[in-house]
Structure formats: structure tokens, C-alpha cells
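Let me begin by presenting the structure, written as C-alpha cells, before commenting on it.
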Amino acid sequence: MNENYQIVLDREIEGILKRGATPKLLLHSCCGPCSSYVIEYLSKYFEIMILFYNPNIYPKSEYIKRADEQEKIIRNLKTINKVDFSIEDYIPEKYYQRIVGLEEEREGGLRCTECFELRMRYAAGYAKDRGFDYFTTTLSVSPYKNSKLLNKLGHDLEIEFGINYLYSDFKKRNGYKRSIELSREYDLYRQEYCGCEFSLSEAIERQKRAGE
């Protein structure tokens, strides 16, 4: 039976509103456009720290560009509660060490699962060490990302680190569509590939086939 993670999130937010306090959320973000809707939505209920930790991104110039766009949306988007930002050092070796032996996997396979877990694990540790109430990721806003897998990873990390994972599927209720609208409104750069060099190669292949 598939869980409706939007309903799970609704219930969690309902409990937060009943308690009356504003919890602190560590939100791992893959990029500015994907985070736009998630920030707009969750900042009504949480104080948010955006964590830009994505050692998978290739090349470094792309990492810098996406980090700049992340900062741009945080700076310009009006929110009810405050939103802070932390950009982590670019250390691509962390990614390459994690996916050894999976280089030939197609996008969406085991290599991507390892990449998700790498970034979410870092977020869980960051949140735990700094006293956040919850952690989660923007990744589920993409229609190309498996929310069931992401929430399973979040669940496992929640148990391991002893910190609440905010279960979610941000593509629900037109979340992805809203992220596109906000990207246009704030003139955000929307990348044409997920981030790693392998996804870039696959995107180039698709463009070549489309042009034939």
C-alpha cells in the first residue's frame, strides 16, 4: 500500500499548529527552483535553514551557479518566518567515492539512490548537531524523483540519528507547477540536467537524438 505523504505532512503541520510553537527545520535543497515552492509553503509553519549540500553537481561552475540561484530566491521571496542559508564546500570526491562501481547505471537507478542518501545523511547529521527539530529535502518536488524512496531514506535516517524527518511529497497539490511559476516570477535559472556528470551526458545524448 502506497502512503500519501502529503496527508502525513498535513497531519504533522496540524499537530504543530495545535502546539503553538514554531519549530526549526533543516531543509536540504538541490537547487533554487525546486526549493522555491517548498520554502513558500513550509515557511508558514517553520523557521527554515536551507542547506545547499550537493557534491554530485558537475562541474564546479554549475555548483556555483546553482548556489547563487539558491541565494537569490531566499533573498527575494517574501516569507512569514525567517529563512537562513548555508552553502557547504564543494567536495565532489565525496560523491565519487560513494558511487564507485555504479558509474554505468542509468539515471534513476542505484547510483541516484546512493546520491540521495549521501546528501540526506549529511543533512540529518547537520540538523542533529545543531539542534533542529526536523530535517527534510526538496528532492520530492521533482516529478522525476521517487517520493516513496526518499521518505524511506528519511525514515531510516530519522531512526539512526534520533531527529524527526518531515515526511513529504512536495510535487503534490501542484507543487512542481508552482515551482515553475515562481522560477519565472523571480527569473531563476532552471538547469536542464539533474546535476552529476552522468546526468549531463544523458541530457546531451537526448538532445542529440531529438535533433536527428
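The values are calculated or read from the model by the stated rules, or taken from the named source; none is laboratory data. None of the values given here were measured: they were computed from a predicted structure. All Cβ positions, glycine included, derive from the backbone under ideal geometry; neighbour counts span all protein chains shown. What goes into the accessible areas is simple: the full protein's heavy atoms, side chains included, and nothing from ligands, DNA or RNA. Shrake-Rupley method; radii C 1.70, N 1.55, O 1.52, S 1.80 Å.
Count neighbours as other Cβ atoms within 10 Å of each site's Cβ, and list the trypsin sites (Lys or Arg not before Pro) in the range 18-85 that are DSSP loop with at most 16 such neighbours. Present the calculation step by step, with values, prior to reporting the outcome.
Numbers: sites: K18, R19, K24, K44, K60, K65, R66, K72, R75, K78, K82; in loops: K44, K78, K82.
Passing both the DSSP loop test and the Cβ count: K44, K78, K82.
How far is helix 5-19 tilted off the main Cα axis of the chain, in degrees rounded to 10, range 0 to 90?
With both axes taken from Cα atoms, the answer is about 30 degrees.
Hey, got a sec? Which GluC sites (Glu not before Pro) in the range 3-76 land in a DSSP loop and have at most 16 other Cβ atoms within 10 Å? Kindly include the intermediate steps, with their values, before the conclusion.
Working: sites: E3, E12, E14, E40, E47, E62, E69, E71; in loops: E3.
When the GluC sites (Glu not before Pro) of the range 3-76 are filtered for loop state and at most 16 Cβ neighbours within 10 Å, E3 remain.
Taking only Cα atoms, what is the 0 to 90° angle, nearest 10, from helix 175-185's long axis to the longest principal axis of the chain?
For helix 175-185, the angle is close to 80 degrees.
Take the alpha carbon atoms of the range 1-84, find their radius of gyration, then divide it by 2.2 N^0.38 Å using N residues; give the quotient. Let's see the in-between values first.
Working: Rg = 14.6 Å, N = 84, 2.2 N^0.38 = 11.8 Å.
In units of the 2.2 N^0.38 Å rule of thumb, it is 1.24.
With only Lys, Arg, Asp and Glu charged, each at its Cβ (+1 for the first two, -1 for the last two), find how big the charge dipole of the range 3-127 is about the Cα centre; round to the nearest 20 debye. Intermediate results must be reported in sequence, preceding the final value.
Details: 18 positive and 20 negative charges, 100 e Å.
So the dipole magnitude of the range 3-127 works out to roughly 480 debye.
Connecting C-alpha atoms closer than 10 Å in a GNM of the chain, tell me which of I73, I16, I39 has the biggest fluctuation.
I16
If r is the Cβ-Cβ distance from Y144 to R19 and R0 is 45 Å, what FRET efficiency results, to the nearest 0.05? Please list the in-between numbers first.
Details: r = 35 Å, r/R0 = 0.78.
That gives a FRET efficiency of 0.80.
Can you tell me, using C-alpha contacts under 8 Å and at least 6 residues apart, the relative contact order of the chain as a whole percent?
Numbers: 314 pairs, mean separation 58.7, N = 212.
After rounding, I find 28 percent.
Let's see if you can work this out: charge +1 on each Lys and Arg Cβ, -1 on each Asp and Glu Cβ, no other charges. What is the dipole magnitude of the range 1-54 about its Cα centre, in debye to the nearest 20? It would help to have the intermediate numbers written out before the result.
On the way: 5 positive and 6 negative charges, 36 e Å.
For the range 1-54, the charge dipole is close to 180 debye.
Which number do you get for Rg(Cα) / (2.2 N^0.38 Å) in the range 118-212? Before the final figure, lay out each step's value.
Working: Rg = 16.3 Å, N = 95, 2.2 N^0.38 = 12.4 Å.
With N residues counted in the range 118-212, Rg over 2.2 N^0.38 Å equals 1.31.
Taking 32 Å as the cut-off for C-alpha to C-alpha distance, list the pairs among K94/K145; K152/K208; K78/K171; K65/K128; K78/K208; K82/K208 that go past it.
Numbers: K94/K145 21 Å; K152/K208 36 Å; K78/K171 21 Å; K65/K128 28 Å; K78/K208 40 Å; K82/K208 44 Å.
The answer is K152/K208; K78/K208; K82/K208.
Of the listed values (1) 57, 39, 37; (2) 50, 39, 36; (3) 50, 46, 28, identify the label whose number matches Cα extents along the principal axes in Å calculated from this model.
Recomputing Cα extents along the principal axes in Å here gives the entry labelled (1).
What number comes out for the charge environment of F52, summing +1 per Lys or Arg and -1 per Asp or Glu over other residues with Cβ under 11 Å away? Mind showing how you got there, number by number?
Numbers: positive: R66, R119; negative: D68, E69, E71, E88, D89.
So the surrounding residues net to -3.
For the chain, what is the mean residue ellipticity at 222 nm derived from helices alone (per DSSP H run of n ≥ 4: -39500 (n - 2.57); sum divided by total residues; nearest 500 deg cm²/dmol)?
Working: 8 runs with 110 residues, N = 212.
Calculated at 222 nm, the ellipticity per residue is -16500 deg cm²/dmol.
Ignoring ligands, DNA and RNA, how do V8, V100 rank by accessible area with a 1.4 Å probe, largest first?
On the way: V8 40, V100 105 Å².
Result of the area sort, largest leading: V100, V8.
Considering only protein heavy atoms, with the full assembly of protein chains and a 1.4 angstrom probe, order T113, T138 by accessible area, largest first. Before the final figure, lay out the partial values.
On the way: T113 35, T138 0 Å².
Output order, biggest surface exposure first: T113, T138.
Using only Cα atoms and rounding to the nearest 10 degrees, what angle (0 to 90) does helix 110-129 make with the longest principal axis of the chain?
The angle comes out at about 40 degrees.
Let me know the charge dipole size of the range 67-155 about its Cα centre in debye, to the nearest 20, where only the beta-carbon of Lys, Arg (+1) and Asp, Glu (-1) is charged. Intermediate results must be reported in sequence, preceding the final value.
Working: 15 positive and 15 negative charges, 92 e Å.
The calculation lands at about 440 debye.
Out of the range 86-195, which trypsin sites (Lys or Arg not before Pro) are coil in DSSP terms and have no more than 15 other C-beta atoms within 10 Å? Can you show the working numbers first?
On the way: sites: K94, R98, R106, R111, R119, R121, K128, R130, K145, K148, K152, K171, K172, R173, K177, R178, R184, R190; in loops: R106, R130, K145, K171, R190.
Sparse-neighbourhood loop trypsin sites (Lys or Arg not before Pro): R106, R130, R190.
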